[in-house]
Amino acid sequence: MSDQDKPEGEVTQSKDNPPNTGPSLADLQAQLVQLAADNKTLKSQYAGLQGQFSRQKGETETAQTQLASVSGSYENQLAELQNQLKTVQDELKTTSDAYALSRTELEAKQARDNARTLVKTFATDKKVEGLVELFDNGLMPGVESMDEAALTKFLETFSSHIDKFQKDAVKEVRDGTTPTPPAPSGSAAKTLDSLKAELQEALRSGGFHSERYKQVYAEYEKALTPAQQETA
(Lines give C-alpha, C1' and ligand atoms only; values in the text may rest on other atoms or scores of the structure.)
Protein backbone atom coordinates (compact mmCIF):
# COMPACT_ATOMS: atom_id res chain seq x y z
CA MET A 1 0.00 0.00 0.00
CA SER A 2 1.39 3.41 -0.89
CA ASP A 3 1.34 6.37 1.40
CA GLN A 4 -1.41 7.84 -0.64
CA ASP A 5 -3.62 4.81 -0.08
CA LYS A 6 -3.27 4.90 3.84
CA PRO A 7 -6.09 6.39 5.90
CA GLU A 8 -5.71 9.98 6.89
CA GLY A 9 -4.25 10.50 10.37
CA GLU A 10 -2.33 7.17 10.56
CA VAL A 11 1.32 7.68 11.46
CA THR A 12 3.73 5.94 9.31
CA GLN A 13 6.73 4.42 11.15
CA SER A 14 9.94 4.75 9.32
CA LYS A 15 13.04 2.69 9.75
CA ASP A 16 14.95 5.78 10.97
CA ASN A 17 12.30 6.57 13.68
CA PRO A 18 11.47 3.37 15.70
CA PRO A 19 8.45 3.35 18.06
CA ASN A 20 8.91 4.36 21.83
CA THR A 21 8.64 1.14 23.95
CA GLY A 22 9.60 2.66 27.56
CA PRO A 23 7.17 3.37 30.44
CA SER A 24 4.88 6.18 29.93
CA LEU A 25 4.74 9.25 32.10
CA ALA A 26 1.63 7.94 33.77
CA ASP A 27 3.40 4.71 34.68
CA LEU A 28 6.30 6.61 36.19
CA GLN A 29 3.99 8.78 38.20
CA ALA A 30 2.18 5.66 39.49
CA GLN A 31 5.50 4.07 40.48
CA LEU A 32 6.55 7.23 42.28
CA VAL A 33 3.29 7.25 44.22
CA GLN A 34 3.85 3.60 45.16
CA LEU A 35 7.41 4.27 46.27
CA ALA A 36 6.26 7.15 48.39
CA ALA A 37 3.64 4.91 50.00
CA ASP A 38 6.20 2.15 50.55
CA ASN A 39 8.60 4.66 52.08
CA LYS A 40 5.90 5.87 54.42
CA THR A 41 5.12 2.27 55.42
CA LEU A 42 8.81 1.54 56.06
CA LYS A 43 9.13 4.68 58.18
CA SER A 44 6.11 3.63 60.19
CA GLN A 45 7.54 0.14 60.67
CA TYR A 46 10.91 1.57 61.61
CA ALA A 47 9.29 3.85 64.18
CA GLY A 48 7.46 0.81 65.59
CA LEU A 49 10.69 -1.19 65.75
CA GLN A 50 12.42 1.70 67.48
CA GLY A 51 9.66 1.84 70.06
CA GLN A 52 9.82 -1.93 70.57
CA PHE A 53 13.61 -1.78 70.89
CA SER A 54 13.38 1.02 73.44
CA ARG A 55 10.84 -0.96 75.48
CA GLN A 56 12.95 -4.12 75.35
CA LYS A 57 16.07 -2.13 76.27
CA GLY A 58 14.25 -0.65 79.25
CA GLU A 59 12.99 -4.08 80.29
CA THR A 60 16.50 -5.50 79.94
CA GLU A 61 17.99 -2.72 82.08
CA THR A 62 15.26 -3.26 84.67
CA ALA A 63 15.94 -7.00 84.66
CA GLN A 64 19.68 -6.40 85.05
CA THR A 65 19.05 -4.04 87.96
CA GLN A 66 16.79 -6.60 89.62
CA LEU A 67 19.34 -9.34 88.98
CA ALA A 68 22.10 -7.25 90.55
CA SER A 69 19.86 -6.56 93.54
CA VAL A 70 18.93 -10.22 93.90
CA SER A 71 22.58 -11.24 93.49
CA GLY A 72 23.69 -8.80 96.18
CA SER A 73 20.92 -9.98 98.47
CA TYR A 74 21.85 -13.59 97.79
CA GLU A 75 25.51 -12.92 98.59
CA ASN A 76 24.52 -11.22 101.85
CA GLN A 77 22.24 -14.13 102.76
CA LEU A 78 24.97 -16.61 101.84
CA ALA A 79 27.51 -14.78 104.03
CA GLU A 80 24.99 -14.74 106.90
CA LEU A 81 24.30 -18.45 106.50
CA GLN A 82 28.03 -19.18 106.45
CA ASN A 83 28.46 -17.21 109.68
CA GLN A 84 25.58 -19.12 111.26
CA LEU A 85 27.07 -22.41 110.07
CA LYS A 86 30.45 -21.54 111.62
CA THR A 87 28.75 -20.61 114.89
CA VAL A 88 26.89 -23.93 114.94
CA GLN A 89 30.10 -25.82 114.12
CA ASP A 90 31.95 -24.05 116.95
CA GLU A 91 29.13 -24.83 119.36
CA LEU A 92 29.09 -28.45 118.19
CA LYS A 93 32.86 -28.76 118.76
CA THR A 94 32.54 -27.24 122.22
CA THR A 95 29.71 -29.64 123.04
CA SER A 96 31.66 -32.60 121.63
CA ASP A 97 34.75 -31.66 123.64
CA ALA A 98 32.66 -31.29 126.78
CA TYR A 99 30.99 -34.64 126.12
CA ALA A 100 34.35 -36.33 125.53
CA LEU A 101 35.73 -34.83 128.73
CA SER A 102 32.66 -35.85 130.70
CA ARG A 103 32.83 -39.35 129.27
CA THR A 104 36.55 -39.60 130.12
CA GLU A 105 35.89 -38.37 133.64
CA LEU A 106 32.99 -40.80 134.01
CA GLU A 107 35.08 -43.71 132.76
CA ALA A 108 37.91 -42.72 135.13
CA LYS A 109 35.46 -42.54 138.05
CA GLN A 110 34.00 -45.93 137.17
CA ALA A 111 37.49 -47.43 136.93
CA ARG A 112 38.41 -45.89 140.30
CA ASP A 113 35.19 -47.12 141.90
CA ASN A 114 35.78 -50.63 140.54
CA ALA A 115 39.37 -50.61 141.81
CA ARG A 116 38.26 -49.35 145.23
CA THR A 117 35.69 -52.14 145.42
CA LEU A 118 38.40 -54.72 144.67
CA VAL A 119 40.74 -53.14 147.24
CA LYS A 120 38.00 -53.17 149.86
CA THR A 121 37.10 -56.79 149.08
CA PHE A 122 40.76 -57.86 149.28
CA ALA A 123 41.27 -55.97 152.55
CA THR A 124 38.19 -57.65 154.04
CA ASP A 125 39.09 -61.15 152.86
CA LYS A 126 42.77 -60.90 153.87
CA LYS A 127 42.03 -58.85 156.99
CA VAL A 128 44.49 -56.14 155.96
CA GLU A 129 43.76 -52.86 157.69
CA GLY A 130 44.34 -49.49 156.07
CA LEU A 131 44.31 -50.56 152.42
CA VAL A 132 41.20 -48.58 151.52
CA GLU A 133 42.54 -45.50 153.30
CA LEU A 134 45.83 -45.76 151.40
CA PHE A 135 43.92 -46.08 148.14
CA ASP A 136 41.75 -43.05 148.95
CA ASN A 137 44.86 -41.01 149.80
CA GLY A 138 46.39 -41.69 146.40
CA LEU A 139 49.11 -44.08 147.57
CA MET A 140 48.23 -46.66 144.90
CA PRO A 141 48.61 -44.72 141.64
CA GLY A 142 47.85 -46.56 138.45
CA VAL A 143 45.81 -49.39 139.97
CA GLU A 144 42.66 -48.13 138.23
CA SER A 145 44.01 -49.41 134.92
CA MET A 146 44.78 -52.92 136.26
CA ASP A 147 42.54 -55.89 135.71
CA GLU A 148 41.37 -57.95 138.67
CA ALA A 149 44.25 -60.47 138.52
CA ALA A 150 46.96 -57.79 138.26
CA LEU A 151 45.39 -55.73 141.03
CA THR A 152 45.12 -58.76 143.32
CA LYS A 153 48.81 -59.57 142.79
CA PHE A 154 49.71 -55.94 143.44
CA LEU A 155 47.69 -55.88 146.66
CA GLU A 156 49.34 -59.05 147.90
CA THR A 157 52.80 -57.48 147.46
CA PHE A 158 51.61 -54.14 148.78
CA SER A 159 50.06 -55.68 151.89
CA SER A 160 53.27 -57.59 152.58
CA HIS A 161 55.11 -54.27 152.65
CA ILE A 162 52.52 -52.80 154.98
CA ASP A 163 52.84 -55.84 157.24
CA LYS A 164 56.59 -55.34 157.30
CA PHE A 165 56.19 -51.68 158.22
CA GLN A 166 53.82 -52.63 161.03
CA LYS A 167 56.24 -55.23 162.40
CA ASP A 168 59.04 -52.69 162.28
CA ALA A 169 56.91 -50.20 164.16
CA VAL A 170 56.05 -52.80 166.84
CA LYS A 171 59.71 -53.71 167.17
CA GLU A 172 60.69 -50.06 167.59
CA VAL A 173 58.07 -49.56 170.28
CA ARG A 174 59.13 -52.77 172.04
CA ASP A 175 62.80 -51.85 171.95
CA GLY A 176 62.09 -48.27 172.88
CA THR A 177 64.74 -46.94 170.46
CA THR A 178 65.31 -46.74 166.76
CA PRO A 179 68.91 -47.58 165.89
CA THR A 180 70.34 -45.39 163.17
CA PRO A 181 72.62 -47.22 160.74
CA PRO A 182 75.88 -45.62 159.68
CA ALA A 183 75.29 -43.06 156.99
CA PRO A 184 76.77 -43.78 153.56
CA SER A 185 79.86 -41.76 152.74
CA GLY A 186 78.94 -38.31 151.46
CA SER A 187 75.26 -38.48 152.48
CA ALA A 188 73.23 -37.50 155.52
CA ALA A 189 71.95 -40.12 157.94
CA LYS A 190 68.36 -41.20 157.42
CA THR A 191 66.08 -42.63 160.07
CA LEU A 192 63.51 -45.33 159.47
CA ASP A 193 60.79 -42.74 159.86
CA SER A 194 62.30 -40.50 157.18
CA LEU A 195 62.74 -43.48 154.87
CA LYS A 196 59.12 -44.50 155.45
CA ALA A 197 58.06 -40.96 154.56
CA GLU A 198 60.16 -41.14 151.40
CA LEU A 199 58.61 -44.50 150.56
CA GLN A 200 55.14 -43.06 150.89
CA GLU A 201 56.07 -40.08 148.71
CA ALA A 202 57.71 -42.33 146.09
CA LEU A 203 54.64 -44.55 146.14
CA ARG A 204 52.32 -41.59 145.72
CA SER A 205 54.30 -39.98 142.91
CA GLY A 206 55.55 -42.96 140.92
CA GLY A 207 53.84 -46.08 142.10
CA PHE A 208 54.94 -49.36 143.55
CA HIS A 209 57.05 -50.33 140.55
CA SER A 210 58.84 -46.99 140.11
CA GLU A 211 62.63 -46.84 140.28
CA ARG A 212 62.45 -44.25 143.07
CA TYR A 213 60.33 -46.55 145.22
CA LYS A 214 62.70 -49.47 144.66
CA GLN A 215 65.70 -47.30 145.52
CA VAL A 216 64.20 -45.96 148.75
CA TYR A 217 62.97 -49.41 149.73
CA ALA A 218 66.49 -50.79 149.28
CA GLU A 219 67.77 -48.01 151.57
CA TYR A 220 65.05 -48.88 154.05
CA GLU A 221 66.08 -52.53 154.13
CA LYS A 222 69.71 -51.59 154.67
CA ALA A 223 68.68 -49.32 157.55
CA LEU A 224 67.06 -52.20 159.44
CA THR A 225 69.00 -53.82 162.22
CA PRO A 226 69.65 -57.57 162.00
CA ALA A 227 66.96 -58.16 164.60
CA GLN A 228 64.49 -56.05 162.64
CA GLN A 229 65.36 -57.87 159.45
CA GLU A 230 64.63 -61.21 161.13
CA THR A 231 61.19 -60.07 162.23
CA ALA A 232 60.49 -58.25 158.93
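The values are calculated or read from the model by the stated rules, or taken from the named source; none is laboratory data. For clarity, every value in this text was computed on a predicted model and none was experimentally measured. Please note: Cβ atoms are built from the backbone with ideal geometry, for glycine as well, and neighbour counts cover all protein chains shown.
Please go through the range 133-147 and pick out each residue that is loosely packed, with under 12 Cβ neighbours inside 10 Å and either of a type in the set (Lys, Arg) or part of a helix (DSSP H, G or I) (or both).
Going residue by residue through the range 133-147, those that are loosely packed, with under 12 Cβ neighbours inside 10 Å are 133, 137-138, 145, 147.
Once the filter is applied, which keeps residues that are loosely packed, with under 12 Cβ neighbours inside 10 Å and either of a type in the set (Lys, Arg) or part of a helix (DSSP H, G or I) (or both), the range 133-147 yields Glu133, Ser145.
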Original post:
under 30 Å from Asp163 (Cα atoms) and of a type in the set (Lys, Arg): does that describe Lys57?
Top reply: no
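Let's see how each residue does on (1) modelled with pLDDT of 75 or more; (2) surrounded by 12 or more Cβ atoms within 10 Å (Cβ to Cβ):
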{"site": "Leu151", "(1), (2)": "yes, yes"}
{"site": "Thr180", "(1), (2)": "no, yes"}
{"site": "Ala183", "(1), (2)": "no, no"}
{"site": "Glu198", "(1), (2)": "yes, yes"}
{"site": "Ala202", "(1), (2)": "yes, yes"}
{"site": "Pro226", "(1), (2)": "no, no"}
**OP:** Would you please list the contacts, defined by Cβ atoms under 8 Å and residues six or more apart or on different chains, that run from a residue in the range 101-115 that is within 13 Å of Met146 (Cα to Cα) and basic (Lys, Arg) to a residue that is modelled with pLDDT under 90 and assigned to a helix (DSSP H, G or I)?
**Re:** Arg112/Glu144
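Within the bounds of the range 116-132, is there any residue that is at pLDDT 85 or above and under 38 Å from the mean Cα position of the chain (by Cα)? Write out each step before concluding.
Keep residues of the range 116-132 that are at pLDDT 85 or above, which gives 116-125, 132.
In the following step, the residues that additionally are under 38 Å from the mean Cα position of the chain (by Cα) were identified as 116.
Within the range 116-132, one or more residues are at pLDDT 85 or above and under 38 Å from the mean Cα position of the chain (by Cα).
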Original post:
Checking Lys127 against (1) surrounded by 10 or more Cβ atoms within 10 Å (Cβ to Cβ); (2) basic (Lys, Arg); (3) under 30 Å from Ser210 (Cβ atoms), which single condition isn't satisfied?
Top reply: (1)
